[in-house]
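Working notes, structure below.
The values are calculated or read from the model by the stated rules, or taken from the named source; none is laboratory data. A quick note: this is a predicted structure, and the numbers were derived from the prediction, not measured. Here the Cβ positions follow ideal geometry from the backbone for every residue, glycine too, while neighbour counts run over all protein chains shown.
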């Protein structure tokens, strides 16, 4: 208001003092129009004259116009630099002399913070948002003061007092801002009670809140903004459950002598509403029976606007999946308070059937278009299909090249019922140069180094990125296992859905459970083809040199029979099914695998045997972030020809992480003088139930059951030597890498070395 009055007064004084000088007046009287001969700025000490002149249109040589000068005055006020602006006009022989008089706002020379002990001065200054050298803005200063007050309030200081003083030097136009903080006592929440909640228990409502009462030395901090959202969540929860008229009102009691707060949350639930009639209007393309399948809120069930919105989206998605991408759905709701029923009519505007004109890829600077396009399951010329578009998005996510994938449409130039489909991707780093180390209950210590590119392009010199290939070189050294790998994968050989996986490796296993060291050198070249996005069939060749060294003199015959170098030539074949929603973090779906190796025979080599494998994995999610992962696998091996048995290094073992927790590494096995020598038939079942830990997003609790057997003979699926273990666990996402802890309790056929169970853990870190 003050600013407005100043502007108005300046205009009035200017207009009334020299009415005849304005061009408008001259035009009316027929006089010749004089121009501005000069412009002079007075009163400025901080803002330069050039800056002021750049802000106005009334310049030397221009006609003097009242409307223009009024706009110039307003423009100078809008800069925020001045608390008063006035234009004066003097008539001179050359024309008019325009004098711009300004009264500047002060500059903040110094900000003093006093009384702070909880927060460092830098933190308070940052929160204040006002800096030295800025023009003094009292509104901004007041806002900053409230931000500081909120900062303290979020730490539990509910009775903080802040006094802000401003002293200004009239000559220099410089101000000193002094903020005095009286912190007071820190308050903790003693208790949170509910009153009036008849339909839901207090425990149930408390779970919706992030605000918690103090428990020992944990929780108890009152954060106003968090608490307000808690109240909103409780209200939304009631409304979602059909209590549309609910009122949630908090009350506070401050125990100043104890520095504690009591919170009472009063709930007025109101009437519970259920869904009455549900109808459709405007649907001509699809019968109601198909639309009903999209609904979750059915007659007789709880009414909620949340479910209405959800069902609206489901109906739109149904139409979009059929190509009607501009279909609109609007609910007509009729609430009857007497009956407690809500009737809903979904009014549908179906729109036109749309077809895909072009598919455009945007945002990819490294990844080739063809790498993205080959994952798409929708094609130009076809009708829009929401399911195919979502499937395409899922397949792009499974590549692991992008941190964000969105899609939308743009009008086409060819026809009104055609749209261009736009996929927008945001690429992420796919190359890694890392090294690190870790510990586990198997390898006491493990170190590794790796260079890899998951979006490699062999033919893109010198960048070698963007082709969708995988190249990795890795070395790992541990107290038990050592491994060196080179791996190259081409997922679309000759632009066909044929994967080539080439791998060469060298491993050393110095197992403390057996009396030998195993050195394995080999390479493999495996080809596979994908069918209908979920089925894969493949096979290839593997050549290995396995050397058993450092064999003890009293080693079992199963070991001495294969001492020295063994050349293994094998053919591998497999088929698989995979419909997981996400390969990196699956929440639903399953995998099924069947495969086998034939070693020796007409292929040559020192040993003759075959191996058959089968595995099944199911992922089930329920509630919110609760998961059940079920795994089952069986394998059997059988010698033939001149081989006395399946070699000890290709037999089956179990025990430890990845197999049966609670038993020693490789201790679930047929034994010779208590030394594990492996078996020719294996069966393992793992069931993991994992769940989020409240208030600790980086933690997930685990309860598991492991069971299995390793029998000495081929095709021996008997359960005579079955082992069973159960136990708890926890998974942690840490800045230094994934961390997992388990404790397995053996229940059946306990390990003689670990009768009371075993602690399993793993930790790895990359740099």
Those residues of the range 398-424 that are within 23 Å of the chain's Cα centre (by Cα) and either surrounded by fewer than 16 Cβ atoms within 10 Å (Cβ to Cβ) or in the same structural domain as residue 323 (by TED's automatic domain parsing) (or both) come to a total of 7
Can you find a residue that is touching a strand residue (DSSP E or B) at 6+ places or on another chain (Cβ under 7 Å), buried (at least 16 other Cβ atoms within 10 Å of the Cβ) and farther than 30 Å from residue 105 by Cβ anywhere in the range 173-187? yes
Restricting the range 514-534 to residues that are surrounded by fewer than 16 Cβ atoms within 10 Å (Cβ to Cβ), within 42 Å of the chain's Cα centre (by Cα) and at pLDDT below 95, the one farthest from residue 485 (Cα to Cα) turns out to be 532
The condition from (1) in a strand (DSSP E or B); (2) at pLDDT below 85; (3) surrounded by 15 or more Cβ atoms within 10 Å (Cβ to Cβ) that residue 442 misses is numbered (1)
Residue pairs within 9 Å by beta carbon, gap of at least six or interchain, first lying in the range 88-104 and assigned by TED's automatic domain parsing to the domain that holds residue 45 and at positive phi, second crowded, with 16+ Cβ neighbours inside 10 Å and modelled with pLDDT under 90, listed first then second, are 95/34; 95/36; 95/37; 95/64
Taking the range 109-133 and keeping residues under 21 Å from residue 77 (Cα atoms) and either outside the structural domain of residue 150 (by TED's automatic domain parsing) or surrounded by fewer than 16 Cβ atoms within 10 Å (Cβ to Cβ) (or both) leaves 133
Only one of 649, 630, 640, 622 is farther than 22 Å from residue 749 by Cβ, free of Cβ contacts under 8 Å to residues at least 24 places away in the same chain and in contact with a strand residue (DSSP E or B) (Cβ under 9 Å, 6 or more places away or on another chain), namely 622
Residue set 581, 597, 606, 550; condition more than 35 Å from the chain's Cα centre (by Cα), modelled with pLDDT under 95 and either crowded, with 18+ Cβ neighbours inside 10 Å or more than 30 Å from residue 510 (Cβ to Cβ) (or both); output residue 606
Subject >> Test for residue 245: is it in a loop (DSSP other than H, G, I, E, B), closer than 16 Å to residue 158 by Cα and more than 31 Å from the chain's Cα centre (by Cα) >> reply: no
Residue count, the range 455-486, condition part of a loop (DSSP other than H, G, I, E, B) and farther than 16 Å from residue 427 by Cβ, comes to 6
Per the filter on the range 318-331, residues in contact with a helix residue (DSSP H, G or I) (Cβ under 6 Å, 6 or more places away or on another chain) and either loosely packed, with under 15 Cβ neighbours inside 10 Å or within 18 Å of residue 344 (Cβ to Cβ) (or both) are 327, 329, 331
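Among the candidates 595, 656, 601, single out the residue that is in contact with a strand residue (DSSP E or B) (Cβ under 8 Å, 6 or more places away or on another chain) and over 26 Å from residue 745 (Cα atoms).
595
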It is to be established whether one or more residues within the range 297-306 are under 22 Å from residue 244 (Cα atoms), part of a helix (DSSP H, G or I) and in contact (Cβ under 8 Å) with a residue 40 or more places away in the chain. yes
So the strands (runs of 3 or more DSSP E) completely within the range 316-397 holding 1 or more residues that are within 33 Å of the chain's Cα centre (by Cα) are 328-336, 355-362
